[in-house]
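Input: a single structure, listed below in structure tokens.
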Amino acid sequence: MKRKEDPRLIQGLGHYVDDLSLPGQLYAAILRSPHAHARLRKIDRSAAERAAGVVAVITGEDIRGVLGTIPVAAALPELKVPPHYPLAIDNICYVGEPVAVVVADDRYRARDAVDLIEVDYEPLPAVTDPEKALEKSSPRVHEQFKDNQACLWKIEAGFPDRAFKKADRIVRQRFLNQRLIPVAMEPRGVLASYDPGPELLTVWSSTQIPHLLRTQIAAMLNVPEMRVRVIAPEVGGGFGSKLNVYGEEALVAHLAMKLGRPVKWMETRRENFLATIHGRDQIDDVEVAVKQDGRILALKCRLTADLGAYHQLLTPAIPTLTGLLMLGCYKIPAVKIEYVGVFTNKMATDAYRGAGRPEATYLIERMVDLVALELGKDPAEIRRQNFPKPKDFPYSTPTGVIYDSGNYEATLKKALELAGYKKLREEQKKLWKQGRYLGIGLSTYVEICAMGPSSAMPAGGWESGTVRIEPTGKVTVLTGASPHGQGQETSFAQVVADELGISPDSVIVIHGDTQAVPYGIGTFGSRATAVGGTAMFLAVQKLKDKLKRLAGHLLGVDPKRIEMGEGKLVVKGKPKKSKSFLEVVQAAYVAKTLPPNFEPGLEATTFFEPSNFTFPFGAHVCVVEVDAETGDVHILRYVAVDDCGNVINPLLVDGQVHGGIVQALGQALFEEAVYDENGQLLTGELMDYAIPRAWDVPRIETARTVTPSPVNPMGVKGVGEAGTIAATPAIVNAVVDALRPLGVRDIQMPLKRERLWALLEARGS
Amino acid sequence: MIPASFEYFAPRSLEEALQLLAHHGTEAKLLAGGHSLLPMMKLRLATPRTLIDLGRIRGLSYIREDGGRISIGAMTTHAEVESSELLRRRAPLLPETAAEIGDVQVRNRGTLGGSLAHADPAADYPAALLALDAECVLTSQKGTRTVVAKDFFVDMLTTALQAGEILTEVRFAADSPRTGSAYRKLHHPASGFAIVGVAARLTLDATGKGSAVSVGITGVAPKPYRATGVERGLLGQTLDAKRIAEASAQATRGVEPLSDLQASARYRAAMAAVFTRRALAAALGRAQKQG
Amino acid sequence: MGVRISVKVNERSHTAEVEPRLLLVHYLRDVLGLTGTHIGCETSLCGACTVLLDGKAVKSCTVLAVQADGADITTIEGLARDGKLHPVQEGFWEEHGLQCGYCTPGMILAGAALLAENPGPSETEIRRAIAGNLCRCTGYQHIVNAIQSAARKLKKSGGRKV
Amino acid sequence: MKLEGTQTISAPREGVYRLLSDPAVIARLLPGCEKLEPAGPDTYEVKMKLGLAALSGSYQGTVKLSEQRPPEHLRLTVTSRGPWGFADGDGGFTLSEQGGQTTVHYAGELKVGGMVASIGSRLLDGAARMVIAQFFKNLEREAAAE
């Protein structure tokens, strides 16, 4: 089915934040620190205040005691939480930290006035290397803490030390999961307007979590939550970067209230690089204990996560997801993980597509390949040997999660067949002899989706869904999930239409407006369909029961005998005895012939709390050739076999998989946020930070197996992040495999040409 | 994302433009396609007080051949160079190079003159201009003078253009028979600029020896240069893959390669040799095809 | 100090007095209210702001409004004719060529400009032609499919001028 | 960013040293320096206009002389800030003489911040080289004029 979202989007009729304008609207522009660490000595804003068109200039002093701090919703033992103000008050801790806001009558003049603000900074020594930051001699990012360790979290289960003693071999490797910049195509933006009559503050923000944002900015602004309405209009991509509460959201709202005029702020791409959350940035020191036959007995990992200067919403929690998923799709009985979160003078990291799970999958999938290399076995064989079998599900891992359902061997088998694995290996041997570097990389992944049971989520893991059948027989669905490109307006309409036996054209899905939609959690962690969709599905069931009851009443039969479909409610076995869908709906509203104790109207809301996460899985195969002269990586084939449970709309699932794989390809080959030792972001624009373009990307071959999830009635699992989680190690495994004849066992991401060239050159290619 | 204010002039004739330029001096910048200048202005790395838009002047956009000499007006866009039938036939190196600049949209607006005058050390055109032994025609109120490409590029972002001068035309000789050329480039993965860009043109004599060989290299050093070491190794020689490979090793002789996040000086030097070899090999193949 | 410009946008003529530094994209969005053209970067790399200027795809964030004086501009709002979607728009809809939709208007116009010049492009030609348009959602494959599908349709219908 | 190199000036060491330690001369050596005024012991306030073709901007900052050991060593610290960020250079100059010529060895560090750091990195190497080359070219000229 074609997407319902598309007609407006392909005609330029969708409205993103910057497309909205209000009468009397002002524009905000932000002055940001060029220093990574400094004391603010003095700010002279007089020239800016005098500039043409300028209405206000505010600095940290103006918000001291007025605006609350930016929230962090992560509970971890020994977590240090530095105060994080929307505008720097005394100290600067990263390049890009907001120092002052100019509000003017047009965006050009606001921008002009920013250059007129004079700031006297006292530069302080910065620290950007997380390991150096842990040394005693390191400058401290926050003076009030005795060191830069932000948190410490440990898991130990299944006697890992004993397992390591029993091992035939121990394989060790350090992996750097580099810092990434999410680069949603639409930068962040906020428009706020305050209506003093009803005392209503309306905030339009490019966000993935309108309800949570409302709760949080109400608190930051110290206004009652019911006086705040948050609307997420069209959102031009998020990838986790808009799963957050940002200082600018509170600042712009504050300014709109203070100035009594609507205020808009749009992030520039440069600001988006400097001051929207970054992703990944972990150092993983991993060792695994293996038996000669290939069985993996235990895994140990010390995980050092560079959290940046402050916590954003989930910053310190992200690496815990790495911990939970670290054993991948393998039955590894013992584990020991120690995660240290570190403050550095950089932008905060937080949830970026996959959020902790790509890091886990990367390290375990690379490790399994290293084990194969060490034992001289085929990497497919090592994987098969360590998979839990279908009968093992639900499978409880030593890290404390329960994989709901799975058949890992089936996806691997299908992927290897599609790729023609055996032939590829033969081809590889031939090409190696000719001095050509063909490589084949596997990644068999499992991931944690459908976030998630509330016990495991900082702000609740349920989702809301409301279904309202209108008197005309048209259906309005309200979902607390706030999609931004995933296509739930279509897939949800499909589900509701299927259930009610009507056309999807008769269903509209509304989301992203806190005034319209019951409280919700939002779209992230591949949860929209499995959790939000289920809430809606259950709400539809309530209405179906009601419709059947009413139809039974109208037709004079037991409601259990009523069937729904094709616009009708029919008595089972008596096709002529029926009422049209519309007749029954109207009867519910006209309310003249209702069964006893039957509530008029047709609206139902469900808050669905999942009992567990879901665990999609799959097997990806990547085939590359490395240009021996330049180090250029050519991806020749990419085969993805994914199992995300039941599928509602195959085309949408393919779209998610393609996009995810290409984002992973970005990390594997190009992307890297580089800070210099003074804390300057050297990749501060798309000129220097490469995200994949159409010509960098191969055609992706997709296929699926279907293992429904028992966690929700639709049997769906989620697919938003699968590609990103799976593909990075598949590509890196392929490139390392290609260079195997040179004795290469690991290469640090991104696999820049020069890095590969240096390996080729050093080993006398 | 927003340029600083400036005073704007859109002269209708070259004379008028020269007058404005003379009047406003170094505070004025010339606006051609704007694809080098406007991005810098939007980031406020460039804040010219005055902009003189050359876009309204007729007669600065042309590609013509006269007696074996090709002349191209400075306001000719990359897309026009790329798709010129005349150039594809008579000097295919230039369209091949133009096709490697930026992307479609950039090529539709960016101009030959604008790109050359900006003199980005990683721009593509300069390599081709050097290999073509082109001349740049500089016009001022005092008249015109021509500067050969080798002397036009003075340093990073610096050309031989003096105050009051406008680059109006580029000229060079069309290919003679048994000439082949090629442009080979290692793209910067983000910006698309040349980490290394090599333009090669060679002509074979009746015996298959290289009677003319020129190699222009961009992206490697602060300014584009002729790889004279490579050229000397091939001139008058019977050209084959082996000799080309040997000569290409001299691609960075006498220059100190740049170093940045994407490529160290060592890698740049190595790639200069690889892409020189590839460009020359392709050029040779094309020259031989004509034989 | 304003400069007077006249432009034709989506077949309608407009005259305005603009500040010389006003970018074409801001003229289209803020002055004419045509917000279908998006802004994604400031370095002319993302292509979200692509419009057709005298039939050629250009990045309207890197063109001054004054440079467009006298030009004929097509934005995404003007691509459908007489209530009928352009084949490239149809292609994007049918082949799921978009997710969040932010890059989509620029991408569609880049595709339409390509097909106007080259009605039967190869996959490589399509990928080259949209290399100046970044998409972070789709992985490009469905976009390529969408343009291919539009090319097939155009061929069947005997072409259509953009 | 580390900067290091050697330049030869056709003049005796004393003379070169005198030039390098004379604020009035430094003002002429620093490319784009428009104004240099005393602001404390061996410290001067400067206004500079740095121009690389299209890219140009006005900077203000300070120049400080230290570690002065005539005629063989001195250290120059330049800080500057402008709308596109800051650029701070700090380097030692060691002078030796041979056959009436002075070899100046310089070693130091350049720190840039703000816009210049995050977008200019591609051009930074070349730009630094250009400024240094200009500095020594000016020094050569000053030495010749003595």
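The values are calculated or read from the model by the stated rules, or taken from the named source; none is laboratory data. Being a predicted model, the structure only gives us computed values, none of them experimental. Cβ coordinates were reconstructed from backbone atoms using ideal geometry, including for glycine residues, and neighbour counts include every protein chain displayed. Remember, those area values only see protein heavy atoms, side chains included, never the ligands or the DNA or RNA. Shrake-Rupley method; radii C 1.70, N 1.55, O 1.52, S 1.80 Å.
Just to be sure I understand, how many residues within segment A:186-210 are within 20 Å of A:G237 (Cβ to Cβ) and not charged (D, E, K, R)?
In the first step, residues of segment A:186-210 are kept if they are within 20 Å of A:G237 (Cβ to Cβ); the result is A:186-191, A:203-210.
Okay, now just the ones that are also not charged (D, E, K, R), so A:187, A:189-191, A:203-210.
Going through segment A:186-210 one residue at a time, the tally reaches 12.
With respect to the numbered conditions (1) surrounded by fewer than 16 Cβ atoms within 10 Å (Cβ to Cβ); (2) in a loop (DSSP other than H, G, I, E, B), which one is the sole condition not fulfilled by D:Q60?
D:Q60 satisfies all of (1) surrounded by fewer than 16 Cβ atoms within 10 Å (Cβ to Cβ); (2) in a loop (DSSP other than H, G, I, E, B) except (2).
Any residue that is farther than 21 Å from A:A250 by Cα, in contact (Cβ under 8 Å) with a residue 24 or more places away in the chain and of a type in the set (S, T, Y) - is there at least one of those in segment A:115-128?
Yes - at least one qualifying residue is present in segment A:115-128.
Could you list, in sequence order, all residues of segment B:156-172 that are of a type in the set (V, I, T) and within 21 Å of B:E15 (Cα to Cα)?
Step one: of segment B:156-172, the residues of a type in the set (V, I, T) are B:158-159, B:166, B:168, B:170.
Residues satisfying the conditions are B:I166, B:T168, B:V170.
Within segment C:103-120, work out how many residues are open to solvent by 10 Å² or more (accessible area, probe 1.4 Å) and either of a type in the set (K, R) or within 12 Å of chain A (Cβ to nearest Cβ) (or both).
Counting residues in segment C:103-120 that are open to solvent by 10 Å² or more (accessible area, probe 1.4 Å) and either of a type in the set (K, R) or within 12 Å of chain A (Cβ to nearest Cβ) (or both) gives 2.
Checking A:R353 against (1) farther than 30 Å from A:R32 by Cβ; (2) charged (D, E, K, R); (3) open to solvent by 10 Å² or more (accessible area, probe 1.4 Å), only one condition comes out false. Which one?
A:R353 satisfies every listed condition except (1).
Can you pull out the residues in segment A:440-465 that are surrounded by fewer than 23 Cβ atoms within 10 Å (Cβ to Cβ) and polar (S, T, N, Q)?
If the condition is that a residue be surrounded by fewer than 23 Cβ atoms within 10 Å (Cβ to Cβ) and polar (S, T, N, Q), then A:S454, A:S455 are the ones that fit.
Please go through segment C:104-162 and give me each residue that is without any contact (Cβ under 8 Å) to a residue 60 or more places away in the chain, farther than 22 Å from B:G192 by Cβ and among the basic types (K, R), ordered by number.
C:R152, C:K155, C:K156, C:K161
Go through segment C:21-38 and count every residue that is crowded, with 24+ Cβ neighbours inside 10 Å and part of a loop (DSSP other than H, G, I, E, B).
So the answer is 3.
Please enumerate the residues belonging to segment A:650-670 that are away from chain C (no Cβ under 11 Å) and surrounded by 24 or more Cβ atoms within 10 Å (Cβ to Cβ). Please lay out each step first, then the result.
First, pick out the residues of segment A:650-670 that are away from chain C (no Cβ under 11 Å): A:667-670.
Result: A:Q667, A:A668, A:L669.
Could you list, in sequence order, the residues of segment A:484-518 that are over 22 Å from A:P713 (Cβ atoms) and over 16 Å from the mean Cα position of the chain (by Cα)?
Result: A:S503, A:D505, A:S506, A:I508, A:I510, A:G512, A:D513, A:T514, A:Q515, A:A516.
Check segment A:253-266 and report whether any residue there is over 23 Å from A:V203 (Cβ atoms) and in contact with a helix residue (DSSP H, G or I) (Cβ under 7 Å, 6 or more places away or on another chain). I'd like the intermediate steps shown before the answer.
Start the filter on segment A:253-266 by keeping residues that are over 23 Å from A:V203 (Cβ atoms), which leaves none.
Within segment A:253-266 (the criterion being over 23 Å from A:V203 (Cβ atoms) and in contact with a helix residue (DSSP H, G or I) (Cβ under 7 Å, 6 or more places away or on another chain)), the answer is no, since none of the residues qualifies.
Exactly one of (1) open to solvent by less than 30 Å² (accessible area, probe 1.4 Å); (2) in a loop (DSSP other than H, G, I, E, B) is unmet by D:V46. Its number?
D:V46 satisfies all of (1) open to solvent by less than 30 Å² (accessible area, probe 1.4 Å); (2) in a loop (DSSP other than H, G, I, E, B) except (2).
Could you say whether any residue in segment A:220-228 is in contact with a Pro (Cβ under 9 Å, 6 or more places away or on another chain) and of a type in the set (D, E, K, R)?
So the first thing to find is which residues in segment A:220-228 are in contact with a Pro (Cβ under 9 Å, 6 or more places away or on another chain), and the list is A:220, A:227.
With the extra rule that they be of a type in the set (D, E, K, R), the set shrinks to A:227.
Among the residues of segment A:220-228, at least one is in contact with a Pro (Cβ under 9 Å, 6 or more places away or on another chain) and of a type in the set (D, E, K, R), which makes the answer yes.
State which residue is farthest from the other protein chains (Cβ to nearest Cβ) when the search covers only segment C:1-13 and only residues that are part of a strand (DSSP E or B) and open to solvent by 40 Å² or more (accessible area, probe 1.4 Å). Walk me through how you get there before you give the answer.
Keep residues of segment C:1-13 that are part of a strand (DSSP E or B), which gives C:3-9, C:12-13.
Applying the additional criterion that residues be open to solvent by 40 Å² or more (accessible area, probe 1.4 Å) yields C:4, C:6, C:8, C:12-13.
Numbers: C:R4: 11, C:S6: 13, C:K8: 17, C:R12: 15, C:S13: 19 Å.
Top of the filtered list is C:S13.
Would you be able to tell me the number of residues in segment C:70-85 that are over 18 Å from C:L28 (Cβ atoms) and at the interface with another protein chain (Cβ under 9 Å from one of its Cβ atoms)? Explain how you work it out, then say what you get.
Of all residues in segment C:70-85, those over 18 Å from C:L28 (Cβ atoms) come to C:81-85.
The next check asks that each one be at the interface with another protein chain (Cβ under 9 Å from one of its Cβ atoms); those that pass are C:85.
Total satisfying the criteria: 1.
Yes or no, residue by residue, for (1) among the aromatic types (F, W, Y); (2) within 22 Å of B:H35 (Cα to Cα); (3) open to solvent by less than 10 Å² (accessible area, probe 1.4 Å); (4) within 14 Å of chain A (Cβ to nearest Cβ):
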{"site": "B:A182", "(1), (2), (3), (4)": "no, no, yes, no"}
{"site": "B:G192", "(1), (2), (3), (4)": "no, yes, no, yes"}
{"site": "B:V196", "(1), (2), (3), (4)": "no, yes, yes, yes"}
{"site": "B:G216", "(1), (2), (3), (4)": "no, no, yes, no"}
{"site": "B:G233", "(1), (2), (3), (4)": "no, no, no, no"}
{"site": "B:Q237", "(1), (2), (3), (4)": "no, no, no, no"}
{"site": "B:E246", "(1), (2), (3), (4)": "no, no, no, no"}
{"site": "B:Q262", "(1), (2), (3), (4)": "no, no, no, yes"}
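Pick out, from segment B:66-163, the helices (runs of 4 or more DSSP H) lying fully within it that include 2 or more residues that are among the aliphatic types (A, V, I, L, M), touching a Lys or Arg at 6+ places or on another chain (Cβ under 9 Å) and not assigned by TED's automatic domain parsing to the domain that holds B:G192. Lay out the reasoning, then the answer.
Values: elements: B:78-83, B:85-90, B:93-98, B:104-109, B:112-118, B:125-131, B:149-152.
Per the criteria, B:78-83, B:93-98, B:104-109, B:125-131.
Under the condition of being of a type in the set (G, A, S) and out of contact with any strand residue (DSSP E or B) (no Cβ under 6 Å at 6 or more places or on another chain), which residue from segment A:218-246 is farthest from the other protein chains (Cβ to nearest Cβ)? Break it down into steps so the answer makes sense when it comes.
Kept after step one, since they are of a type in the set (G, A, S), are these residues of segment A:218-246: A:218-219, A:232, A:236-238, A:240-241.
Now drop any that are not out of contact with any strand residue (DSSP E or B) (no Cβ under 6 Å at 6 or more places or on another chain), which leaves A:219, A:232, A:237-238, A:240-241.
Numbers: A:A219: 29, A:A232: 12, A:G237: 4, A:G238: 8, A:G240: 12, A:S241: 10 Å.
Across segment A:218-246, the extreme among qualifying residues is A:A219.
Can you pull out the strands (runs of 3 or more DSSP E) entirely within segment A:1-112 that have at least 2 residues that are away from every other protein chain (no Cβ under 14 Å)? Break it down stepwise before answering.
Numbers: elements: A:26-32, A:38-44, A:54-59, A:98-104.
By residue number, A:38-44, A:54-59, A:98-104.
Can you go through A:T630, A:T614, A:T683, A:T593 and tell me which one is among the polar types (S, T, N, Q) and under 27 Å from A:T534 (Cα atoms)? Break it down into steps so the answer makes sense when it comes.
Numbers: A:T630 fails: under 27 Å from A:T534 (Cα atoms); A:T683 fails: under 27 Å from A:T534 (Cα atoms); A:T593 fails: under 27 Å from A:T534 (Cα atoms).
Answer to the check: A:T614.
Quick grid of which residues meet (1) of a type in the set (G, A, S); (2) open to solvent by 10 Å² or more (accessible area, probe 1.4 Å); (3) touching a helix residue (DSSP H, G or I) at 6+ places or on another chain (Cβ under 9 Å):
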residue: A:P160; (1), (2), (3): no, no, no
residue: A:R174; (1), (2), (3): no, yes, no
residue: A:V183; (1), (2), (3): no, no, yes
residue: A:P187; (1), (2), (3): no, no, yes
residue: A:L191; (1), (2), (3): no, no, yes
residue: A:D195; (1), (2), (3): no, yes, no
residue: A:T207; (1), (2), (3): no, no, yes
residue: A:L213; (1), (2), (3): no, no, yes
residue: A:V223; (1), (2), (3): no, yes, yes
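Go over the candidates A:P98, A:P77, A:P83 one by one and state the one that is modelled with pLDDT under 95, in the same structural domain as A:L243 (by TED's automatic domain parsing) and either open to solvent by 10 Å² or more (accessible area, probe 1.4 Å) or under 33 Å from the mean Cα position of the chain (by Cα) (or both). Before you say what the answer is, go through the steps one by one.
Numbers: A:P98 fails: modelled with pLDDT under 95; A:P83 fails: modelled with pLDDT under 95.
That would be A:P77, the only listed residue that is modelled with pLDDT under 95, in the same structural domain as A:L243 (by TED's automatic domain parsing) and either open to solvent by 10 Å² or more (accessible area, probe 1.4 Å) or under 33 Å from the mean Cα position of the chain (by Cα) (or both).
Among all residue pairs at least 6 apart or on different chains, which show Cβ distances below 7 Å where the first residue, located in segment A:178-199, is within 14 Å of chain C (Cβ to nearest Cβ) and the second is of a type in the set (K, R)?
Close Cβ pairs (under 7 Å, with a partner that is of a type in the set (K, R)) amount to A:L180/A:R280; A:V183/C:R136; A:A184/A:K242; A:A184/C:R136; A:M185/C:R136; A:P187/A:R269; A:R188/A:K242; A:L191/A:K264.
Go through segment D:102-142 and report how many residues are open to solvent by 30 Å² or more (accessible area, probe 1.4 Å) and within 20 Å of B:R268 (Cβ to Cβ). Spell out the reasoning first.
Initially, segment D:102-142 is screened for residues open to solvent by 30 Å² or more (accessible area, probe 1.4 Å), giving D:103, D:105-107, D:109-111, D:122, D:124, D:129-134, D:137, D:140-141.
If we keep only those that are within 20 Å of B:R268 (Cβ to Cβ) as well, we get D:122, D:124, D:129-130, D:132-133.
Number of matching residues: 6.
A:A56: touching an Asp or Glu at 6+ places or on another chain (Cβ under 9 Å) and surrounded by fewer than 20 Cβ atoms within 10 Å (Cβ to Cβ), yes or no?
Details: touching an Asp or Glu at 6+ places or on another chain (Cβ under 9 Å): yes; surrounded by fewer than 20 Cβ atoms within 10 Å (Cβ to Cβ): yes.
So A:A56 fits the description; yes.
Applying the selection to segment A:698-721, what residues are part of a loop (DSSP other than H, G, I, E, B) and either within 14 Å of chain D (Cβ to nearest Cβ) or buried (at least 22 other Cβ atoms within 10 Å of the Cβ) (or both)?
The initial filter retains those residues of segment A:698-721 that are part of a loop (DSSP other than H, G, I, E, B), namely A:698-700, A:705-715, A:717-721.
The answer is A:I700, A:T707, A:S709, A:V711, A:N712, A:K717, A:G718, A:V719, A:G720, A:E721.
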